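> This is the structure, below, for whatever I ask next.
Laboratory data are not the source of any read-out in this text; all were calculated from the coordinates shown. None of the values given here were measured: they were computed from a predicted structure. Cβ: placed from backbone, ideal geometry, glycine included. Neighbour counts: every protein chain shown.
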Amino acid sequence: MKTPPELSFPTVNFIQFHNANRNIFIHSTRSGRDWPAIMDFEPTIQWFQGDSGLSSHLVIGGRIARMVDDDDSAIHAGGANNLKSLAIEIVQPKIDTPFIPASLDLAAWSCAVWCLKYGIPPVRIFSQTEVGIIGHEDSEQGRSSGKSDPGPLFPWNMFIKRVKTLMLFGSLEPHILKGDYLKILGILRYVGVEV
Ligand SMILES: [Zn+2]
């Protein structure tokens, strides 16, 4: 399956060659700032490139910033979780800031690529010991540290459905669809398929 376009923003905040790729953590950026979601994109990248000691494989805000290779571990969810998880940070300054639809599209596309590549099931999970896709707030580590991301505005049902749809269509590539997934999503929505 074709990988979505990624901009490269490497960071030194990662652990080398340890990722077992068992699940995908969904975070939102939560700068706490009172500004539109997209404004969190660059400051989050700078935060992860600086001495925060933290990182994410991808930061998504209408575009995708690749910060850590899949084979390495990002530092995003405490201790051993980092070693078996892929991480996405989606821009959302506050718990009540709406997510940008394009960010959700790109995040679903990235998840679909990972699910196919690493055999991760496209299901929502509620324990970091399971395989699938987990919200930071739903993990044991997130709960014990009081995390609320990605929060109640994250459209889980739609998101998981979208990942599954993209996996299905992505597996047909290149003979039928030529990999233009966002266009495909648009067509499916146009004809009334809920994705
Ligand atoms: Zn988080």
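> Using label points projected 7 Å from each Cα along Cα→Cβ, tell me how many nm separate Glu42 and Arg189, to one decimal.
In this crude label model, Glu42 to Arg189 measures out at 2.7 nm.
> Let me ask you something else. Under 1.5 on a/c is rounded, so check that first for region 115-169, then, if it is not, pick prolate when a/b is larger than b/c and oblate when it is not; a ≥ b ≥ c are the square roots of the alpha carbon gyration tensor eigenvalues.
oblate
> With N set to the residue count of the chain, report its C-alpha Rg divided by 2.2 N^0.38 Å to two decimal places.
0.96
> Need one number: % antiparallel among DSSP beta bridges in the chain, to the nearest 5.
Given both bridge residues lie in the chain, the antiparallel proportion sits at roughly 25 percent.
> What fraction of the DSSP beta bridges in region 1-116 is antiparallel, stated in percent and rounded to the nearest 5?
Of the beta bridges lying entirely in region 1-116, close to 30 percent run antiparallel.
> How big is the gap, in Å, between the Cα center of region 86-107 and the Cα center of region 17-72?
Rounded to whole Å, the Cα centres lie 10 Å apart.
> Using just the helices of the chain, give the 222 nm mean residue ellipticity in deg cm²/dmol: DSSP H runs with n ≥ 4 each add -39,500 (n - 2.57), and the total is spread over all residues, rounded to 500.
-9000 deg cm²/dmol, from helical runs alone.
> Rounded to the nearest 0.05, what FRET efficiency do Asp70 and Asp96 have when you use their Cβ-Cβ distance and R0 = 35 Å?
0.65
> Between Asn157 and Ala80, what is 0.36 nm times their sequence separation minus the Cα-Cα distance? Round to one decimal in nm.
Taking Asn157 through Ala80 to full extension adds about 24.9 nm, to one decimal.
> Still on this structure: Report, in degrees rounded to the nearest 10, the 0 to 90 angle that the Cα long axis of helix 156-170 makes with the longest principal axis of the chain.
Here the helix axis deviates by roughly 60 degrees.
> When only C-alpha pairs under 8 Å and at least 6 residues apart count, what is the relative contact order of the chain, in percent?
24
> What's the exposure ranking of Ser110, Ser28, going from fewest to most Cβ atoms within 10 Å?
Least crowded to most crowded, the residues run Ser110, Ser28.
> So, one more: Exposure proxy check: Leu104, Leu182 ranked by fewest other beta carbons within 10 Å?
Leu182, Leu104
> Between Val123, Val91, Val68, where does the largest GNM mean-square fluctuation fall for the chain, given springs only between Cα atoms within less than 10 Å?
Val123
> Continuing with this model, one more query. In debye, nearest 20: dipole of the chain around its Cα centre with unit charges on the Cβ of K, R (+) and D, E (-)?
Here the size comes out at about 500 debye.
> Quick one: how many lysine pairs does the chain have with C-alpha atoms less than 29 Å apart and a gap of 8 or more or different chains? Give me the count, please.
Counting lysine pairs in the chain gives 25.
> To continue, here is another question. So, how do all the Cα-to-Cα distances of region 19-104 break down into 10 Å bins, in percent, from 0 on up?
With 10 Å bins starting at 0, P(r) equals 20, 51, 27, 2.
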